[in-house]
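Here's the structure we're looking at; comments come further down.
The values are calculated or read from the model by the stated rules, or taken from the named source; none is laboratory data. Computed from a predicted structure; not experimentally measured. All Cβ positions, glycine included, derive from the backbone under ideal geometry; neighbour counts span all protein chains shown.
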Amino acid sequence: MARINVLDGRQRQLIEQVLQHFENLEAMARSCGVHPRTLRDWRREKHRMSYEALQCVYKEAHLAISEDIPTLTEFWHLDRARRLGAEHRYQLYGNPGTAEGRRKGGRTSQEHFRRDPEYARKLHVRVRQDILRPHRTEALAEFIGILLGDGWMTNYQVHVAFNRETDQNYGQFLAQRFQELFGLTPGLRSGGFDDKGDVLVVSSVNLVEFLTARGFCSGDKIRNRADVPPWIRNDRNLRRACLRGLIDTDGSFYRYQHRVNNFRYVHCAICFTSHSPYLLDFVSATLHDEGLHPSRAKWNIYLHRWQDVKRYMLEIDTHNLKHLDRYQAYCNLRESKRFGEVARVDEGAGLENR
């Protein structure tokens with residue numbers, strides 16, 4: 001309700017001026033719909049008179065209201081009331097903005113938003129993303145291998161790094177895997193590999209909890225002794241898929257050569273590198289189980305025999321186009337006439353035979 005703002009003697013003059021046109025004060029009070037005591041309080045300027053009541057009595061008295069009477073809008077008093085209430089509360093209880101109070105309020109709000117995500121979204125509050133929860137498939141086992149290779153996890157995010165210069169296609173494959181397995185689209189952040197790398201990042205507490213339940217640990221993989229989960233180890237197809245993810249990230253396909261009696265011998269090899277003894281043991285054991293002949297040198301696992309390399313690429317395969325291109329280039333070299341002229345191939349040769 002709007003009020004007139006003239007508590008300087010003028011409000012009393014306005015009321016006494018209009019009162020002359022009424023039989024008495026009670027009649028004037030009835031005309032504006034208030035108790036006579038209220039009108040007396042207005043006359044002695046204990047309170048501000050409502051502008052609607054002033055309009056009523058002026059209309060009843062057939063008078064015109066002056067346009068220069070200042071007014072206050074409805075609820076004008078609330079700001080002052082809030083300030084006075086806050087000051088009184090502070091005097092009684094002290095500062096309400098304590099660290100513990102803010103923590104408690106934040107936890108209460110978060111719990112409320114978790115119970116009612118739609119309400120949180122209406123307030124533009126970020127809530128947990130719903131994700132797909134795949135079964136224990138080969139695709140998921142390969143993804144675990146990728147994380148054990150070039151991935152890591154925090155309490156809120158999952159990261160996978162790749163070299164932007166040599167693994168651009170593999171980065172696209174990884175982004176597609178995130179979408180297919182979990183229904184999430186990763187962001188891209190630069191960094192790592194001496195400024196030649198990019199990192200795919202997904203922020204999802206649900207994804208972190210899902211991967212933790214599937215046996216992948218967060219934090220430093222070496223310090224936390226990250227290992228291949230038992231549900232992968234106990235199934236041959238899942239072991240092969242996980243091995244593919246590990247070698248696609250922390251492995252390499254390369255050629256090397258040496259000369260003997262003026263002949264240049266060209267060989268190819270697959271190498272897996274890791275500082276985790278658990279992952280080295282898993283890769284070595286899985287290759288042995290597949291009938292291959294890996295060799296181990298400190299932090300590296302090698303496949304040197306051409307038949308082993310060929311079987312690996314045909315049976316276990318790779319999703320890293322860089323490895324596939326190098327393998328096909330070596331196959332093309334073996335089949336070319338030039339290969340027979342400039343190089344001899346020792347089918348069972350290894351680094352130890354150089």
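Structure summary
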{"quantity": "Pairs where the first residue, in segment 131-142, is without any contact (Cβ under 8 Å) to a residue 24 or more places away in the chain and surrounded by 14 or more Cβ atoms within 10 Å (Cβ to Cβ) and the second is among the small types (Gly, Ala, Ser) and assigned to a loop (DSSP other than H, G, I, E, B), C-beta under 6 Å, 6+ apart", "calculated": "none"}
{"quantity": "Neighbours by Cβ (under 6 Å, 6+ apart or cross-chain): first from segment 220-247, under 17 Å from Pro134 (Cα atoms) and touching a residue at least 40 places away in the same chain (Cβ under 8 Å); second of a type in the set (Gly, Ala, Ser) and assigned to a loop (DSSP other than H, G, I, E, B)", "calculated": "Pro229/Gly215"}
{"quantity": "Total residues in segment 214-251, condition among the charged types (D, E, K, R) and either touching a Cys at 6+ places or on another chain (Cβ under 8 Å) or over 16 Å from Asp289 (Cα atoms) (or both)", "calculated": "8"}
{"quantity": "Selected residue (only one of Leu324, Leu287 is modelled with pLDDT under 95, within 15 Å of Gly245 (Cα to Cα) and in a helix (DSSP H, G or I))", "calculated": "Leu324"}
{"quantity": "Candidates Arg259, Arg255, Arg239, filtered to the one that is outside any strand (DSSP E or B) and more than 29 Å from the chain's Cα centre (by Cα)", "calculated": "Arg239"}
{"quantity": "Enumeration of residues in segment 260-274 that are exposed (fewer than 15 other Cβ atoms within 10 Å of the Cβ), free of Cβ contacts under 8 Å to residues at least 60 places away in the same chain and either aromatic (Phe, Trp, Tyr) or in contact with a Lys or Arg (Cβ under 9 Å, 6 or more places away or on another chain) (or both)", "calculated": "Val260"}
{"quantity": "Meets criteria (buried (at least 21 other Cβ atoms within 10 Å of the Cβ) and either out of contact with any Gly (no Cβ under 7 Å at 6 or more places or on another chain) or not aromatic (Phe, Trp, Tyr) (or both)) for Phe210", "calculated": "no"}
{"quantity": "Residue in segment 62-76 that is part of a helix (DSSP H, G or I), modelled with pLDDT under 90, among the aromatic types (Phe, Trp, Tyr) and surrounded by 11 or more Cβ atoms within 10 Å (Cβ to Cβ) present", "calculated": "no"}
{"quantity": "Phe162 over 26 Å from Ile247 (Cα atoms), under 20 Å from the mean Cα position of the chain (by Cα) and among the aromatic types (Phe, Trp, Tyr)", "calculated": "no"}
{"quantity": "Residue ID - nearest to the chain's Cα centre (by Cα), chosen from residues in segment 175-226 that are in a loop (DSSP other than H, G, I, E, B) and hydroxyl-bearing (Ser, Thr, Tyr)", "calculated": "Ser204"}
